[in-house]
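Working notes for the structure below.
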Amino acid sequence: MILAESPRRQRVTKLVNWGHWFALANIILALVISSVFVFSSPATGTPLGNIYLFANWFGHIGFLTFCGFVIFILPQCYWVTNPNIVKGSGTVIAAVGLALLAFDALIYNRTGFHITLSSAELVRSETQNQLSAFSWQQWAYLGLLFVVWLGFQLVLANAIWKRIDRLVKHKIGTSVTTLFVLCFVSSHAMHVWADARLYQPIIKQDNMFPLSYPATAKTLLSRYELLDLESYQQRKQLQFDPQLKSATYPLSSIFCSIDPEQSTAIFVQTDNAPIETIAALDLRQNKRFYMPSRDIQSLVHTTLFGAPEIYAQSLNDFTPVIFDMAEAFNLPVIVDTDPNLVPQPGNAVVTEDALRYVNTLIGGKLVIVFASAAEIDQWLSIPLIARSHLLIATGFDAQEPNATGTLYSSADIVDTIATTEDILPTALHMMGCEADTGLYSTGQNLLKPIRNWVVTTSGEKIILMHGELRTEIMSNGSYEITNLITGDRSTAALNTDLLSQAIKHLSRFSAPQ
């Protein structure tokens, strides 16, 4: 005896098949809309980070969209007898859901936040300012836009319904499901690994997509004693953001006096050749001087601002304190370097050939030079310069950052461990400014140093030097300790108290987000 399917069962089967194909179409639309999140976020910077990005993108967005289908549409396929009602409600649900996703993408593109309870006030204030300027024509346009979007969803739903018998013949369900499940599971597995290693290119993507709660090593691996929680917490504490987006500089107004009759000259060497005339000047020397900069641009930045290159982007719109000070006291400023590398002060001559300007100036002046040894020799041969307060920094090597150099000074500097960030506060104190160094620099005055350690950055590494040890901390919290003298890896224990103090000191100018 042949038993045919009942009409109700046939209708349910067709509705369920339609629902799956409708969900797949909207997953594709959701992936297109959510690409805004990807392009609004900084690049991961590593191949592994890119693999996680695409796996998380496909897996998470596919999971969210399919969950919406399972919760709101699939039950109707079994309970509602009229297919038109199911298609109509499915169309409205899909249109509203994707419209919310698009709105969230626009908010994220503008503010970096998603629509959540914690960001509700920010979203409200942002949108209120925009919507208050809307005219009724713009409101009508938005309403029409949503009607068009709703109509598109209705056309899509009906097109799939009419062609469902042909579509179900394409056996792609297993392949598509496998792809999205594989992306979803692999992205969470990669995040567990990244969280255990504190691998920044993956961890920094945690808030990229809405309603994203990736699995963590702390909750998963520690449950099976596969993770040392004490070490994990220690490394997590040492994480930092290598790209500070905003800064407060200086921390407050600076009040001090300088001698406007005394000239001051700062020379920073940009090659490794010997400076021939320096021996005849009888200068004090600090042979524990380091230049952590990787290129001329960061070398100029760290010298003028007295802050490490981690602040390079956030201080672009600020003027170095030494320029403001010179302008306040009407002290002429001459800067010899590429003008594109220096924030333009109002009272300065910034040029690549500043030698000819020196003899035209009478009285005190401030000269700042970034040049080769041969050019510095030309400067030092000028009697007016040789009689100035002098600071001469050597040891820059773009191929080997953190190489030991020498800092020469006409003043009585202390031979303590020092970096490029110490040049600015030392120069200002040589000029007579006794203001608190911590207001404008992470370095210290080498005439009266108060710390026996220094902290700086090079690329995405924090570098802490103390005694004979150099500790390098990556942005993910991993670290390596080496001997400053031999360069060999050290077995010394990590000084977490000093590291915490150093990182706090380093982030003194970072503005709250």
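Only the coordinates and a few stated rules stand behind these numbers; no lab work does. Fair warning: this is a prediction, and the values are worked out from it, not measured in the lab. Neighbour counts run over all protein chains shown; Cβ positions are idealised from the backbone, glycine included.
Using only the Cα atoms of the range 16-62, what are the Rg and Dmax in Å?
According to the Cα coordinates of the range 16-62, Rg and Dmax are 13.1, 42 Å.
For a footprinting-style exposure proxy, rank TRP149, TRP79 by other Cβ within 10 Å, fewest first.
Working: TRP149 16, TRP79 9.
Going from least to most buried by this count: TRP79, TRP149.
Using the count of nearby Cβ atoms within 10 Å as a rough guide to exposure, how do LEU101, LEU142 rank from fewest to most?
LEU142, LEU101
Need the full-extension length gain, SER372 to LEU251, defined as separation in residues times 0.36 nm minus the C-alpha distance. One decimal, nm.
Taking 0.36 nm per residue and subtracting the Cα distance, the gain is 40.2 nm.
How would you classify the range 264-449 from its alpha-carbon gyration tensor, with a ≥ b ≥ c the square roots of the eigenvalues: rounded for a/c under 1.5, else prolate if a/b is greater than b/c, otherwise oblate?
Taking the square roots of the gyration eigenvalues as a ≥ b ≥ c, the range 264-449 is rounded.
If Lys and Arg each add +1 and Asp and Glu each add -1, what is the summed charge of the other residues whose beta carbon sits under 10 Å from the beta carbon of PRO250?
-2
Kindly state, to the nearest 0.05, the FRET efficiency for LYS14 paired with ARG197, given R0 = 56 Å and r defined as their beta-carbon distance.
After rounding, the FRET efficiency stands at 0.70.
For the pair ALA279 and ASP397, what calculated FRET efficiency results from E = 1/(1 + (r/R0)^6), where r is the Cβ-Cβ distance and R0 = 25 Å, to the nearest 0.05?
Here the calculated transfer efficiency is 0.70.
Starting from 0.36 nm per residue, how many nanometres of slack lie between VAL148 and ASP295 once their C-alpha separation is accounted for?
47.6 nm
Between GLU460 and ALA99, what length comes free when the chain is fully extended (0.36 nm per residue of separation minus the Cα-Cα distance, one decimal in nm)?
Length gained, GLU460 through ALA99: 126.1 nm.
In what order do VAL147, VAL192, VAL369, VAL38 fall by count of nearby beta-carbon atoms within 10 Å, going from fewest to most?
VAL147, VAL38, VAL192, VAL369
How much FRET efficiency would the formula 1/(1 + (r/R0)^6) give for THR319 and VAL181, where r is the Cβ-Cβ distance and R0 is 51 Å, rounded to 0.05? If you can, show how the numbers build up before the last one.
On the way: r = 55 Å, r/R0 = 1.08.
For THR319 and VAL181, the calculated efficiency is 0.40.
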